[in-house]
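Written below as C-alpha cells is the structure these notes are about.
The values are calculated or read from the model by the stated rules, or taken from the named source; none is laboratory data. Remember, it's a predicted structure, so these values are computed and weren't measured experimentally. Glycine gets a Cβ as well: all are built from the backbone with ideal geometry, and neighbour counts include every protein chain shown.
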Amino acid sequence: MAGLAIETLAQVLTDYGPPILATMFRHPGGVAELRLQKAGDSLHNGTHDPHKEGRALDIVLLSWLPGERSEADKLVRLFLDQSFDMHWGWLIYNRKQWNPAGAEMPRIFTDVQRPNESDADFAMRRIRHEHLTHIHIEWTMEQKNFNTYQRGLIASLSEDLDEIAELDALSDKLVGTWDVTIGNGAWVGVFKFSSGGRASWHDSRSAPAGGVGSWNADTPGKLRWTFGDARTFEADLPIDPKGVSGVALPAGSGWYKMVKGAP
C-alpha cells in the first residue's frame, strides 16, 4: 500500500499538475497504462524495492518526445526547489539522479547484454535503468507517510499554471507545417515539425527536406530548433500558430517570421 507521501503527491499532480498526466500512455507493445504509477509490479519485486514498500511514484513522461521532456524537466526543477519541504530521498530522470541536497549525478547503464537476451530486452533494461520513460521520486521508509508538504507544492504548481499549460500544449501548437520568411525575403519556404522532435526545412510544401534536425524546449521559456548546420533558431514561449518571429543564433545569423499553415 502506498504511503501518504506518495498518495498526496499523486493527488496533487492529478489536480494541479500537467494535464497530460490525466491521460494514458502506450508501451511499444501497445499496452495502455496510467502515467502516475504507485504500485509495484514484476519489475519492482525486490525485498526492499521502494515501489513494493509504497514509498515511490513513477511519473511517466517520455524523454525522447521533446514536449513531454520539457514538462518532466519542469517538474524535476520544482521537486528540487521543494526538496527541503517535501523530504524526498531520491529523484531520477533521463540519465540523471539527484539526492535531497540537490547534488546531480549521472545514471548511465553500463551492463552488458546477457546470454540469450534479445536486443529488445537489452534495450528495455537500459531504458528502465536510465529512467528514459519516467520521473522516479522516492521517500525513505521513515518519511513514507510525510505529507505536510502538500500546501507548498500546490502553491508552487499554481504559480506556474500558465507555464505548465503552455508546455502541455506546445507539441499540439508546434507540430505541422509553417510558412516561413527569413530576413526581408532572402528565403521563403517551409519549416516542418513532428511530435517526435524532428525539424526540417523545405523550399516548398512538396519539396524534399533541404536539411533535417530537431527541436526542443529544454531551455526554460525558449523553443529552439536546428537543421544540422551551425544555426539555432529560437522563439520565446508561448508560441502562437498565427505568427511567431525570432532570431537565429549565433548573433548575426538573421531573423525569421513564420505562420502555421493548413496541414
Open item on the list: Six or more apart or on different chains, Cβ atoms under 6 Å: show the pairs whose first residue is in the range 235-256 and farther than 12 Å from Arg224 by Cα and whose second is part of a loop (DSSP other than H, G, I, E, B).
Closed with: Ser253/Arg231; Gly254/Gly183
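Residue-wise test of (1) touching a residue at least 24 places away in the same chain (Cβ under 8 Å); (2) farther than 22 Å from Val60 by Cα.
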| site | (1), (2) |
| --- | --- |
| Ser83 | no, no |
| Pro100 | no, no |
| Ala103 | no, yes |
| Val112 | no, yes |
| Glu130 | yes, no |
| Asp160 | yes, no |
TODO: Go through the range 191-219 residue by residue and tally those that are under 29 Å from the mean Cα position of the chain (by Cα) and touching a residue at least 24 places away in the same chain (Cβ under 8 Å).
DONE: 13
Task: Enumeration of residues in the range 52-96 that are within 17 Å of Arg107 (Cβ to Cβ), in contact with a strand residue (DSSP E or B) (Cβ under 9 Å, 6 or more places away or on another chain) and part of a loop (DSSP other than H, G, I, E, B) - done: Leu61, Leu62, Ser63, Trp88, Gly89, Asn94, Arg95
TODO: Tell me which residues, restricted to the range 173-204, are aliphatic (A, V, I, L, M), assigned to a loop (DSSP other than H, G, I, E, B) and farther than 18 Å from Gly243 by Cβ.
DONE: Ala186
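Every residue, every condition in (1) at pLDDT 95 or above; (2) polar (S, T, N, Q); (3) touching an Asp or Glu at 6+ places or on another chain (Cβ under 7 Å), yes or no:
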{"residue": "Val12", "(1), (2), (3)": "yes, no, no"}
{"residue": "Thr23", "(1), (2), (3)": "no, yes, no"}
{"residue": "Leu36", "(1), (2), (3)": "yes, no, no"}
{"residue": "Leu43", "(1), (2), (3)": "no, no, no"}
{"residue": "Phe79", "(1), (2), (3)": "yes, no, no"}
{"residue": "Gln97", "(1), (2), (3)": "yes, yes, no"}
{"residue": "Ala101", "(1), (2), (3)": "no, no, no"}
Task: The listed residue being without any contact (Cβ under 8 Å) to a residue 24 or more places away in the chain and either under 23 Å from the mean Cα position of the chain (by Cα) or surrounded by 21 or more Cβ atoms within 10 Å (Cβ to Cβ) (or both), out of Arg69, Arg107, Arg126, Arg95 - done: Arg126
Open item on the list: Conditions first: (1) at pLDDT 95 or above; (2) surrounded by fewer than 17 Cβ atoms within 10 Å (Cβ to Cβ); (3) of a type outside the set (Ser, Thr, Tyr). Gly185 passes all but one, so which condition is the exception?
Closed with: (1)
Open item on the list: Of the conditions (1) in a loop (DSSP other than H, G, I, E, B); (2) hydrophobic (A, V, I, L, M, F, W, C); (3) under 16 Å from the mean Cα position of the chain (by Cα), Ile164 satisfies every one except a single condition; which number is it?
Closed with: (1)
